[in-house]
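First comes the structure, then the notes that go with it.
Throughout, read-outs are computed from the coordinates displayed, never taken from laboratory work. All values derive from a computational prediction rather than experimental measurement. All Cβ positions, even for glycine, are placed from backbone atoms using ideal geometry, and neighbour counts span all protein chains on display.
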Amino acid sequence: MAEWFEDWFDADYAALYAHRDAGEAALAVATALREAPELARGPVLDLACGGGRHLAELRKVNADAFGIDLSAALLSLAPAHLHPWLLRADMRRLPVKPGLSGITLWFTPFGYFADGENEALLRALSGLLHPGGVLLMDYLNATELERTLVSEDTIERSGIRVTSRRRIEHGRVIKEMDLHRLATGETRQARESVRVYEPREVEAMAEKAELRLRKTLGTYGGEAFHGASPRWIAVFEK
């Protein structure tokens, strides 16, 4: 049976998350470059890059930046000028040599797997960085997620009506969706399942992977992290 992330990241996903746009990416990357100027030089991997909205911004200042994603559908949506700098691969088996200046993980691509695999991923990413390299992780804020979780809702976006049911179970936030394409009447189901870690838990895993926390932020604009922040954005250095 395929994992949820092998089936879900396609054109429907891109349509439903279209509000996560180039403007948001430009703001996030500008903030990242202020806090981690290492991302502006040398080989930098945008991991789980999707259609490349963050990579497009990063490549404006770093011609050595490249992206990797598992989804052929999302990679195909990237602008043509990015295609030479995109690879399709599973993040657990990256075809990348050590010596990177930086790695970015935008919009919660961490936590897809069981604890052991998540820990192994952090160790592997650390091993790809040269000493002084940085890893930027854009992750959910567990406290705010649990406080604001909406158990069920229905929205219409980009010609799709989607009913979502959410719950936290066994330390994972699970989202099950019924999608209905309004133009054709087609329906499908999709699912997301992400491990919910408290910041201290991620920091402990990172420390074991020889990554030192430099700074945490709570928004893409660079505001300091606090309990009600919408995101937990951490900059680690090797």
Fewest-first sequence of Phe5, Phe236 by Cβ atoms within 10 Å of each Cβ: Phe5, Phe236
Proxy reagent accessibility, fewest Cβ within 10 Å first, across Met1, Met137, Met91: Met1, Met91, Met137
17 Å reach of a label modelled at Glu119, 7 Å along Cα-to-Cβ, counting backbone N of region 183-226: 195-211
Distance between region 140-215 and region 68-111 - C-alpha centres, whole angstrom: 20 Å
Principal-axis tilt of helix 199-208 within the chain, Cα atoms, nearest 10 degrees: 40 degrees
Sequence of Asp178, Asp12 once ranked by neighbouring C-beta atoms within 10 Å, starting from the fewest: Asp178, Asp12
Principal-axis tilt of helix 115-128 within the chain, Cα atoms, nearest 10 degrees: 40 degrees
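For region 91-141, state which trypsin sites (Lys or Arg not before Pro) are in a DSSP loop and have at most 13 other beta carbons lying within 10 Å of their beta carbon.
Hits after loop and neighbour filter: Arg92, Arg93.
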Rounded tilt (10° steps) of 22-35 against the dominant C-alpha axis of the chain: 30 degrees
Separation in nanometres of the label points that stand 7 Å from Cα toward Cβ, at Glu207 and Leu182: 5.1 nm
Estimated distance in nm for a label pair at Ala18 and Ser158, the labels positioned 7 Å out from Cα along Cα-to-Cβ: 0.7 nm
